[in-house]
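Student: The structure is given below, and queries will be raised subsequently.
The values are calculated or read from the model by the stated rules, or taken from the named source; none is laboratory data. Just so it is clear, the model here is predicted, and its values are computed rather than measured. Note that each Cβ is placed from the backbone with ideal geometry, even for glycine, and that neighbours are counted across all protein chains shown.
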Amino acid sequence: MRRLLITIFAIFFSAINVSVAENYSMMSLGYTKHIAEDPHDSGGTTYFKDPEENGFVLGIAFGQRSNGISTEIETNYYSEVSQKLTSDVTVDVSTIASMFNAMATPGESEFYGIIGGGAGFGYSMVDTSYRSGSNTFNGDQNTFNFAYQLILGLGSDNYELVFKHSNFGEVEGGSGTTSDGDAYNADEFDSKYNSIAFRIKF
């Protein structure tokens, strides 16, 4: 009986030890490529290129890792970039995002892989500048959208290197009246980021 109790307690405490989670906080800095995909205006005019522009991303995350699974809440700021949608239209785009991420992290603390994704919300800020001859328009619009991302990377001890593809849905710029009194339809596009970031746990 005594041996049985000792065996039961040994299994119990072993299970507890296996399931103990590693809690962490993390800061990240990365390089981004913003893509203004499928640009058009709200009046039905389609533009014919998907411009791309480089920027940076700053982030912070709080999470835990246990038994090869990581979950975390992550908040990022994507720096303002300027996208030339047409010869007459330029938009400045920046984004604040908050995501819940779930990732498989197979391996030991010394070296492990990262594969997973996240879902949450993005707050996109778009400032429009239009000029055609002497006719001009300036306006801004903010969009709050559901967002999601895919994540791949590698981790070692307190460092991670991750690639993310993030989609913040369709956003739009300002609309109103130009300097000549014409109606200006909002410019719209799918706001996406490809990023690679270095993350430090603390």
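Student: Which count do you get for residues in the range 45-55 that are loosely packed, with under 15 Cβ neighbours inside 10 Å and either in a strand (DSSP E or B) or without any contact (Cβ under 8 Å) to a residue 40 or more places away in the chain (or both)?
Tutor: 5
Student: Just to be sure I understand, how many residues within the range 146-178 are over 19 Å from Gln64 (Cα atoms), touching a residue at least 40 places away in the same chain (Cβ under 8 Å) and exposed (fewer than 13 other Cβ atoms within 10 Å of the Cβ)?
Tutor: Selection size over the range 146-178: 1.
Student: So, one more: Working only within the range 66-80, note down all residues that are in a strand (DSSP E or B) and at pLDDT below 95.
Tutor: Once the filter is applied, which keeps residues that are in a strand (DSSP E or B) and at pLDDT below 95, the range 66-80 yields only Ser66.
Student: Then there is this: Right, Lys33: under 13 Å from the mean Cα position of the chain (by Cα) and among the charged types (D, E, K, R) or not?
Tutor: yes
Student: On the basis of being assigned to a strand (DSSP E or B), of a type in the set (Phe, Trp, Tyr) and over 28 Å from Thr46 (Cα atoms), does Tyr148 make the cut?
Tutor: No; evaluated as a whole, the condition is false for this residue.
Student: Could you go through the range 157-168 and let me know if any residue there is farther than 30 Å from Thr86 by Cβ, of a type in the set (Ser, Thr, Tyr) and at pLDDT below 95.
Tutor: No, there is no match, as no residue in the range 157-168 is farther than 30 Å from Thr86 by Cβ, of a type in the set (Ser, Thr, Tyr) and at pLDDT below 95.
Student: When the residues of the range 56-67 are narrowed to those that are surrounded by 14 or more Cβ atoms within 10 Å (Cβ to Cβ) and of a type outside the set (Lys, Arg), which ends up farthest from the chain's Cα centre (by Cα)?
Tutor: Only one residue fits best here, namely Ser66.
Student: Additional query: Give the number of residues within the range 68-90 that are surrounded by 14 or more Cβ atoms within 10 Å (Cβ to Cβ) and either closer than 24 Å to Thr105 by Cβ or of a type in the set (S, T, N, Q) (or both).
Tutor: Of the residues in that region, 13 qualify.
Student: Could you run through the range 151-183 and say how many residues are part of a strand (DSSP E or B) and farther than 30 Å from Asn135 by Cβ?
Tutor: 17
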